[in-house]
Amino acid sequence: MKQILVIILLAIATHTAHAEDCAEGSTKCGDGVQCVSKEYWCDGGEPDCDDGSDEAESVCKDYTCPTGYKKCADGLQCIDEGWWCDGIEDGDPDCDDGSDEIESVCKEYQCTEDYTKCADGTHCTAKEYFCDGAEDCADGSDEANCKGGYAADNKCNDDDVIMCDDGKQCVFNEFWCTGQEAHCDDESDEADDNCLGYQCLEGYVKCKDGKQCIKEKYLCDEGQPDCHDGSDEQGCPSL
C-alpha cells in the first residue's frame, strides 16, 4: 500500500512540475517542458529551445520583447535597445533586416539612458566615450569639442559635464562619485574630498558614507549592496 501511495505522489509531483510556470525571466518552449530566458527568445540567433520554438516565425511575430529590447522592422527579431543606431561602435546592423541602422529611423530614435546622439543626429554613442581621446561617432563629434580628448579652452562645453581637477578633461555628471573606476585621468571624480561635497543627480541618492551616489532604484532591491558601505540594503522594510 505504501509503495502505491509513493508512486501516486511521484506522479502528482511530476505533473505539477510540468504544469508550473518557468522561473521569472524565462518562458516555456513549445514542448511545454524546457524553459529559456526571455532575452534569448526571437534574438535571431540559433534556437535555444531544443524544439526550435523560440525562433519560430509564428511565435516571434506575436512575441513582445522584454524590457530593454526592441523589435526590428520585420517584427521577428528582438535586439538590445543599446544596439540601435550605434553606428561605428560595432560596424554592422544587429537586426537581420538592417532596420536598426536605417538613417531615417535613427534620426527619430531617442537614445537610451546611458547614450547620447552624435552631432549628425543619427548615431548614439555611450556618454562615457565622449572626450575620451578616441572617436566613436562616425562624424567624430564625440571628440570635436575636446582638445585631444580633453576640455577645450580650459572649460567644458556642456552643462551635463564637470571638469576634472586637472582642468583638462570633462566627465559626465552621472559618472562622478560612483564608487567605481575613475573616469578622470587624475581620478578627481572619485576623490573623497570632492565626493563628500558632491550633490547626486536627480534619481540618485548618497550612500551613508557620503562618498558614493547610486540610483534610487537600487535601494532595498534585495540584491548585493551597491553602496560600498552596504547602507543601501540596511533598514529595509521586511516583506
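Values quoted throughout were computed directly from the atomic coordinates according to the rules given, and no laboratory measurement underlies them. Every value quoted in this text rests on a predicted model; they were computed, and no experiment measured them. Neighbour counts are summed over all protein chains in view; Cβ atoms, including those assigned to glycine, are modelled from backbone coordinates with ideal geometry.
Key figures for this structure:
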quantity: Net lengthening on full extension, GLU57/ASP120 (0.36 nm per residue, minus Cα-Cα); calculated: 19.1 nm
quantity: Computed lengthening from VAL33 to LYS208, 0.36 nm per intervening residue step minus Cα-Cα distance; calculated: 58.4 nm
quantity: Calculated FRET efficiency for the pair GLU216/THR67, C-beta based, R₀ 22 Å, to 0.05; calculated: 0.80
quantity: Contour minus Cα-Cα distance for ASP96 and ALA182 (0.36 nm per residue); calculated: 27.3 nm
quantity: Between region 33-108 and region 163-239, the Cα center-to-center distance that results, in Å; calculated: 33 Å
quantity: Peptide ranges 160-170, 27-37 listed from the most packed, as the mean C-beta count within 10 angstrom indicates; calculated: 160-170, 27-37
quantity: Distance-filtered residues of region 109-146 - backbone nitrogen under 15 Å, label point 7 angstrom along ASP166 Cα→Cβ; calculated: 131-134
